Amino acid sequence: MASKIQNFSYLCPHHHNLIIMKKFSFILFCLAFGLFMQSHAEPVKLQSPDGQLELKFEVIGGIPQYSLDRAGKPVVLPSKMGFTLEWRDDLAHAFVLKDTKYSTFDETWEPVWGEEAQIRNHYNEMLVTLEQPIGSVESMDHSTEKKATVMQIRFRLYDDGLGFRYEFPMFSDELGVGSEEYSEKTPYSTLHTPNSLTYFWIKEELTEFAMTGDHTAWWIPGDLDTQEFNFTQSRLSQIRDLWEASHKDGGWPWTGFSPTGVQTALQMKTDDGLYLNIHEAATLDYPTMHLDLDDKNLVFRAFLSPDATGYKGRLQAPCTSPWRTVMVTTSATDALASRLILNLNEPCALEDVSWIHPVKYMGVWWEMISGKSSWAYTNDFPSVKLGETDYAHATPNGTHGANNANVRRYIDFAAANGFDALLIEGWNIGWEDWYAKQKDFVFDFLTPYPDFDLPALNKYAHEKGIRLIMHHESSASTQNYERWMEQAYTLMNQYGYDAVKGGYVGTIIPFGEGHYSQPINNHYHYAIVEAAKHHIMVNSHEAVRPTGLCRTWPNMIGNESAMGTEFRERINPGHTTILPFTRLQGGPMDYTPGIFETDMGKIVPWGQKMKITICNQLGLYVTFYSPLQMAADFPEHYAQFMDAFQFIKDVAVDWDKSLYLMAEPGDYIVTARHPKLSTLNKAAEGVGTLRDGKKGVVSNATKFVYALPEDATAEDLKNAQPHDVWYVGGITDENAREVTVKLDFLKPGTKYEATIYADAKDASGIPDEHYNAQAYTITKKTVTNKSTLKLRMAPCGGFAVSLRSK
Ligand code: NOJ
Ligand code: CA
């Protein structure tokens, strides 16, 4: 303290600067009221329901700080909290702890779709109220002179981790309805003292996560525009040296912000074998949080995505920040089983969810990704002006994938194989100059190309029991998309589309915004909310990484927001063993698995070999959770391997139970799942409710669970009994592995038929002279809950097993 006062006495004599005087009087004030005595106060504490995790919170020298222990050992060292703000003193000093309230919560809720039918939300909570007293801080408009500033921090401690968020109440006192002073005649204004913090702009969020050691981390570089990267596994101290290289093979555009910046969800492992994961939950009306590592001290600090003007959130009380989360588990499988992020989100906001259903789909898509076909209809126009360009007289380029005949071919195949839906990209005008042109009016989302008969194709699909999935690539022109959104969703309603795949490729328009700033996060949310009004399910690509909002808005059935199958040979082995720990913590991913022609060179001359095997692709349908699951390859490729394709047909996509049997990020995952009967045939039933929809469709997973023949009808289903069914999937990185799976989760005393899809002995997904990615064996066996299965996975391989009670 003394040195601070000396500093001021050094500055003050010559300049009677008001601000300095104010600071000086603030220090005297603090001394008088003993505010700095806070550092000697006992920290307030909170324990997790099982007593293993302990959170400590204290205000030291006016600065809020938290720390986290597990079983008495530190997990997060004392870490500062707060904000720097524009136009007023920061929320970073002069705080006093005014109040601490405790509560406990234990409820079980049922997600509309998910990895299990019921999720327990059990935590202990501590709400601390912090105040910057009147006169202790300054503001440009002097609003703090007569009012205190109040900020609360709500901590929730679960057995598997911590969530905390900042809350900014409208009033700084606790009076109000229900308090002793309250009477109905008391004017509201006399009961409440407004918080000095009402409208405020964030310059930086100061939240820290101080690590206890140089942990191993699985990270992608911090970036304000893309999340499409391979993961790098390294010690925290190596991030700086590897940061540049970590961009190799990644998405575009790159907007890094620090050579030690990384994205969340960040998975780490300590040398003691603890699994830590830092992420956020319920990011709404707020920028996305990245992490910037101080690699000398191993302290992460929040780095919020700035908006076009550089601010990191413009807030208006009452409001809250998103939850900051630290998941702590003693095993990798427990990390996969954690529902921390979903639990911290609000319950479902929709009253009627009957229109939401899981979807297994195919697409006129891989043709374009592989280079075989084009999204564009013509090569006539170097520049397209929607409304002016004359497509009716344009020369078709002969490679347009979304043409009537080709779409019908896919519909036929998808219908014959019991799929729910078909995505078609490149159906609408504008694809000739959609990419990287920074063009505002890039699509209208309404006008089909001349060779795409939208009404007729929908009718054709519905008559066969298939829904078409709409595609809205915004080309990152969010403002253009918002202009057309209402009409675009109305068009979907008119023709019976109930799901849309969105896209945000390229530089965001309005210019200057990044993909994860507050205004653009608000755009993604707006698209979800507006879609819900139209009973439309949304799967956005390149949108912000999810933070569990699908609990509140379950029409958000998918997202990409990470490197998916479209990166083909650029995807590193083991990538899919990391995503469930990181990207998938916030919600399902439309990873688009199911590639059977693994050598892209067979499709186009420049194609290369993907680091996968067919069985690795099958394993993904179980290890990766998504209620929206694609079979991404061409019909003609599946036609060559119909016996392996059977697993994709049989597998369900919504579950009442999931068991994470073995896992290690970057190495392998083995998962078992039990289908949820109530949603098994929901997509098919929905088609039957359409005017032109085929009634009584039975999806393939339904046929598998009820042991019905391929040509089964709804009548057969009515009279059939479900069998007990499990699916087990495994995936590995570049190392071959043998795993022993105990089937002790099966019903005792029951015999099951196991169908085992395994890599052949000489299979390999490593693109060298031994590449042999399509070699597999399929065996059937009778098993019980006493049986074990020995399963070998080839390099870059995997396995899949379906189990059905006899
Ligand atoms: C990128 C998406 O991830 C991909 O799936 C899509 O095909 C293209 N954008 C075009 O919209
Ligand atoms: Ca993408």
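Computed quantities for the displayed model
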{"item": "Only one of ALA683, ALA652 that is touching a residue at least 24 places away in the same chain (Cβ under 8 Å) and either of a type in the set (D, E, K, R) or in a loop (DSSP other than H, G, I, E, B) (or both)", "result": "ALA652"}
{"item": "Residues of region 524-549 satisfying the condition of being within 24 Å of TRP219 (Cβ to Cβ) and either in a helix (DSSP H, G or I) or in contact with a helix residue (DSSP H, G or I) (Cβ under 9 Å, 6 or more places away or on another chain) (or both)", "result": "TYR524, SER540, HIS541, ALA543, VAL544, ARG545, PRO546, THR547, GLY548, LEU549"}
{"item": "Some residue of region 710-722 being at pLDDT 95 or above, within 25 Å of SER626 (Cβ to Cβ) and not in a helix (DSSP H, G or I)", "result": "yes"}
{"item": "Cβ-Cβ under 7 Å pairs, at least 6 apart or on other chains, region 391-419 side within 17 Å of ILE648 (Cβ to Cβ), far side loosely packed, with under 15 Cβ neighbours inside 10 Å", "result": "none"}
{"item": "Tally of residues being under 34 Å from the mean Cα position of the chain (by Cα), of a type in the set (A, V, I, L, M) and over 30 Å from LYS682 (Cβ atoms) across region 388-437", "result": "2"}
{"item": "Flag for TYR516 being away from ligand 1 (no atom under 16 Å from the Cβ), aromatic (Phe, Trp, Tyr) and surrounded by 20 or more Cβ atoms within 10 Å (Cβ to Cβ)", "result": "yes"}
{"item": "Residue satisfying all of: in region 590-625; in contact with a Gly (Cβ under 7 Å, 6 or more places away or on another chain) and within 16 Å of ligand 2 (Cβ to nearest atom); nearest to VAL538 (Cα to Cα) among these", "result": "ASP590"}
{"item": "Looking only at region 482-506, and only at residues there that are within 16 Å of ligand 1 (Cβ to nearest atom) and buried (at least 20 other Cβ atoms within 10 Å of the Cβ), the one that is farthest from GLY465 (Cα to Cα)", "result": "GLY506"}
{"item": "Hey, THR671 among the hydroxyl-bearing types (Ser, Thr, Tyr) and within 30 Å of TRP218 (Cα to Cα) or not", "result": "yes"}
{"item": "Residue satisfying condition, being within 16 Å of ligand 2 (Cβ to nearest atom) and either part of a loop (DSSP other than H, G, I, E, B) or closer than 28 Å to PRO605 by Cβ (or both), within set ILE356, ILE369", "result": "ILE369"}
{"item": "Residue match in region 434-444 (condition: of a type in the set (Gly, Ala, Ser) and either part of a strand (DSSP E or B) or away from ligand 1 (no atom under 16 Å from the Cβ) (or both))", "result": "no"}
{"item": "From GLY251, GLY261, GLY256, residue being in contact with an Asp or Glu (Cβ under 7 Å, 6 or more places away or on another chain) and within 16 Å of ligand 1 (Cβ to nearest atom)", "result": "GLY251"}
{"item": "Filtered residue count, region 463-490, keeping only those that are among the hydroxyl-bearing types (Ser, Thr, Tyr) and without any contact (Cβ under 8 Å) to a residue 40 or more places away in the chain", "result": "2"}
{"item": "Single unsatisfied condition, LEU342 versus (1) over 30 Å from ILE578 (Cα atoms); (2) in contact with a Cys (Cβ under 9 Å, 6 or more places away or on another chain)", "result": "(1)"}
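The values are calculated or read from the model by the stated rules, or taken from the named source; none is laboratory data. It should be emphasised that the depicted structure is a prediction, and the values quoted were computed from it without experimental measurement. Reconstructed Cβ throughout: ideal geometry from the backbone, glycine too, with neighbour counts over all protein chains shown.
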